[in-house]
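Each remark here refers to the structure printed beneath this line.
Derivation of every value follows stated rules applied to the coordinates shown; laboratory data play no part. Remember, it's a predicted structure, so these values are computed and weren't measured experimentally. Methodologically, a virtual Cβ is constructed for each residue, glycine included, from the backbone with ideal geometry; neighbour enumeration extends over all protein chains shown.
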Amino acid sequence: MIKRLSFKLFPLLFLIVSITVHAQSTTGVNISQGGYGMVKTNISTSYDHRWRSIEDGFAARISYELFRQKYVTITANARYASSETRFNSSELSEPYNPDAINFNGTHIMGQVGFTSTFRSRLFGKPFMGMAMFNSEWGENGFARVSGIAMGLIMLRANRNTQFGIGPLVMVNSCSKIPAFLVFMYRHRFNDKWLINLYGGMFGVEYTPSPNNLFCIGADIDVKAFYFKPKHNDLPSHCRFTSTSFRPMIKYRRKLAQNLFFDLQGGGALKMSCRVNGVTGSKEYFDCHQKPTAFIQTGVSYSL
């Protein structure tokens, strides 16, 4: 159960690190900080292609800072995503026909929510708190809501190094284990080399010039959607979730002031892939996925 919970939350750990780095870093704004997202306005789009069961994915996200004081910020977020699935019957753990249960095809999902951050000091160390509320929408309308609250105390926070640790709690979640410990580490060796570690993931960044960045590392990719299976053995609405570990090489180019282009490619390795009810309380079948290659492009605007 702990293993499955971690898989669900890895994408959120990136947001946690993003918030902390934005709050603590005293370096100038450069290309490596353009993707962290905790800025006044952030708009991003991405398209990825795989050569296996989940072939094409598109995502668009916008966040806007509604309120800012010295210690508190409130940001509104919206996200749209589509995924195209092409599973065959042998890839499902139960004897379902993926076409007959409306599992194959292009599926969409939307998310709308708010994120609030709080900055203070605890035991003489910088402290960062975050609360996130999110609602999910599928092809059949509203699906569910969820929330997250977390705190991160920065044990070290200077110009070149930030290291923090703290608890993360899931609120109104389908998980039976709602809390665990998270950490982040970021270190700048010099003007060109930087290392990030967050939630067990990593990235080594090389910035040869102010407008170009190369990164070798890995991330966690999650694709999810809701669908109507129309099958007697399945509920009226189901939620599909696929979580992959992706070692990759990434290139980022600054096209103009606050405008960035990303190109990345590597491998996608299955961590989990399953179909649950909308609440996530019961798993109905698992999906088998072989390792595959992927390529992804994206454009983002951060102000």
Task: Projected label distance in nm at F123 and E91, using a 7 Å step from Cα toward the beta-carbon - done: 4.8
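Over 27 Å between C-alpha atoms is what I'm after, so list which of K40/K228; K70/K223; K228/K270; K40/K270 land there.
K40/K228; K70/K223; K40/K270, as the Cα separations exceed 27 Å there.
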Task: Sequence ranges 135-142, 108-115, 236-243, ranked by mean other-Cβ count within 10 angstrom, highest first - done: 236-243, 108-115, 135-142
Open item on the list: Please list 3J(HN,Hα) in residue order for the stretch 76-87, calculated via the Karplus relation 6.51 cos²θ - 1.76 cosθ + 1.60 where θ = phi - 60°; whole Hz, with x for glycine and proline.
Closed with: 9, 10, 9, 9, 10, 9, 10, 9, 10, 10, 9, 7
TODO: May I ask you to list the chymotrypsin sites (Phe, Trp or Tyr not before Pro) in the stretch 71-108 that are in a DSSP loop and have at most 16 other Cβ atoms within 10 Å of their Cβ?
DONE: Y71
- [ ] Pop out the ³J(HN,Hα) list for the stretch 96-113 in order, Karplus 6.51 cos²θ - 1.76 cosθ + 1.60 with θ = phi - 60°, rounded to Hz; leave Gly and Pro as x.
- [x] 9, 8, x, 6, 5, 9, 6, 7, 7, x, 9, 10, 10, 8, x, 9, 9, x
Task: Pairwise label distance in nanometres, A100 with V171, each label 7 Å out on the Cα-Cβ vector - done: 4.4
- [ ] For an R0 of 51 angstrom, estimate the FRET efficiency from the Cβ-Cβ distance between D233 and Q257 and round to the nearest 0.05.
- [x] 0.40
Open item on the list: Which of the three applies to the stretch 244-303, rounded, prolate or oblate, going by the alpha-carbon gyration tensor with a ≥ b ≥ c and a/c under 1.5 meaning rounded?
Closed with: oblate
